[in-house]
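Let me begin by presenting the structure, written as structure tokens, before commenting on it.
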Amino acid sequence: MGITTLLVVVIVLAIAFDYINGFHDAANSIATIVSTKVLTPFMAVLWAAIFNFVAYFVFTDHKVANTIAKTVIEEYITLEVIFAGLVAAISWNLFTWYYGIPSSSSHTLIGGFAGSGMAFAVFQGVNPIEAINLSATLKILSFIILAPLVGMTISIIITLIIINICKKARPAVAERWFKILQLISSAGLSFAHGGNDAQKVMGIIATALIAQGVIGTFEEMPEWVPLACYAAIAAGTMSGGWKIVKTMGTKITKVTPLEGVSAETAGAITLGITEHFGIPVSTTHTITGAIIGVGVVKRVSAVRWGVTISLLWAWILTIPVSALLGGLTLAVIHYIL
């Protein structure tokens with residue numbers, strides 16, 4: 001069918017979402033490195049943006065993008081469905097960013113897309129569950145719980161190893177070294193964040209191109225799609241997300257350079273593992289779990305559990321709220337058109 005106005009709008013919206021994802025999730029990559037004063041806020045976002053984009057040259061299998069593309073069964077995907085999902089995802093992302101809530105950009109995109117697909121099925125007189133790829137969806141839902149737990153476990157292990165290795169080191173010397181190491185761990189987390197999150201929008205754009213008949217299969221996705229997505233998320237990271245930085249860097253627990261290294265390394269490892277298996281996980285959930293882990297090593301009371309419970313509610317609500325918004329948006333489109 002070729003290029004249409006709606007397809008162009010969908011692609012622009014998808015890239016806009018990727019940009020918003022970047023500044024919404026900038027805190028994931030820079031919160032600890034800013035709160036420990038290793039880098040200034042500007043240098044931190046520049047550092048993170050560079051490694052967001054470097055991931056373009058390494059993550060070439062696009063497994064996460066492929067999983068996202070298969071969230072909704074193909075026969076229930078239209079450009080209107082994708083458009084409604086993107087509008088829902090952008091709306092929830094901007095709402096949570098405005099109030100400084102570190103919710104998952106990944107899950108709002110998945111929720112919005114799934115919700116609009118289910119609404120489309122209802123308008124076709126079909127059970128809405130039939131529009132969803134349950135295998136892919138259950139995998140995504142399980143990692144709402146597993147990703148922060150894995151991040152927390154790895155961060156606890158890394159912190160304990162570091163403490164035992166460095167227990168005889170002079171505090172001033174150790175802190176200087178950990179500030180240097182935090183540059184590396186922050187780069188690793190930003191690299192993994194770019195590789196994981198940029199792919200989610202790639203999957204949406206590829207789905208739109210398939211729905212419009214521009215390409216036949218996911219494997220035929222043109223190279224400009226990943227290039228645009230990585231560039232957009234890097235540009236978004238450069239714009240920062242300071243309200244969320246404050247929540248992630250100081251409100252959960254006070255983070256030292258040693259703990260920053262542990263949390264960021266744990267987050268990067270977790271994202272690397274899940275990307276390898278093509279599982280779209282939340283960078284926000286992962287790094288939050290890792291930060292909680294380093295706090296728990298000090299003492300359980302070092303973690304501000306009231307803040308953590310508030311974050312948990314945001315995590316629980318993101319997919320259903322986004323799905324509802326996606327369904328309502330498609331309903332508006334359906335009755336207008």
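Would you pick out the residues in region 99-109 that are open to solvent by 10 Å² or more (accessible area, probe 1.4 Å) and among the β-branched types (Val, Ile, Thr)?
The answer is 101, and nothing else.
For region 172-180, indicate whether the set of residues that are in a helix (DSSP H, G or I) and in contact with a Cys (Cβ under 7 Å, 6 or more places away or on another chain) is non-empty.
yes
With the condition kept exactly as written, say whether any residue in region 273-294 is out of contact with any helix residue (DSSP H, G or I) (no Cβ under 9 Å at 6 or more places or on another chain) and at pLDDT below 85.
Scanning region 273-294, I find no residue that is out of contact with any helix residue (DSSP H, G or I) (no Cβ under 9 Å at 6 or more places or on another chain) and at pLDDT below 85, so the answer is no.
A quick yes/no check of all residues on (1) over 13 Å from residue 203 (Cα atoms); (2) not in a helix (DSSP H, G or I):
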| site | (1), (2) |
| --- | --- |
| 44 | yes, no |
| 48 | yes, no |
| 59 | yes, yes |
| 64 | no, no |
| 83 | yes, no |
| 111 | yes, no |
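Give region 59-88 a look and list any residue that's modelled with pLDDT under 95, within 23 Å of residue 321 (Cβ to Cβ) and of a type in the set (Gly, Ala, Ser), or say none.
Within region 59-88, just 69 meets the criteria.
Looking at region 127-167, which of its residues are β-branched (Val, Ile, Thr), within 21 Å of the chain's Cα centre (by Cα) and open to solvent by 80 Å² or more (accessible area, probe 1.4 Å)?
145
If you go through region 196-214 one residue at a time, do you hit one that is assigned to a helix (DSSP H, G or I), open to solvent by less than 10 Å² (accessible area, probe 1.4 Å), without any contact (Cβ under 8 Å) to a residue 24 or more places away in the chain and of a type in the set (A, V, I, L, M, F, W, C)?
Within region 196-214, none of the residues are assigned to a helix (DSSP H, G or I), open to solvent by less than 10 Å² (accessible area, probe 1.4 Å), without any contact (Cβ under 8 Å) to a residue 24 or more places away in the chain and of a type in the set (A, V, I, L, M, F, W, C).
Against the conditions (1) closer than 20 Å to residue 151 by Cα; (2) modelled with pLDDT of 70 or more; (3) assigned to a helix (DSSP H, G or I); (4) more than 20 Å from the chain's Cα centre (by Cα), where does residue 313 fall short? Just the number, please.
Of (1) closer than 20 Å to residue 151 by Cα; (2) modelled with pLDDT of 70 or more; (3) assigned to a helix (DSSP H, G or I); (4) more than 20 Å from the chain's Cα centre (by Cα), only one is false for residue 313: (4).
The values are calculated or read from the model by the stated rules, or taken from the named source; none is laboratory data. No experiment lies behind these values; they were computed from the predicted model shown. When we count neighbours, we look across all protein chains shown, and the Cβ atoms used for this are built from the backbone with ideal geometry, even at glycine. For the accessible areas, the whole protein counts, side chains as well, though only heavy atoms, and no ligand, DNA or RNA atoms are used. Shrake-Rupley method; radii C 1.70, N 1.55, O 1.52, S 1.80 Å.
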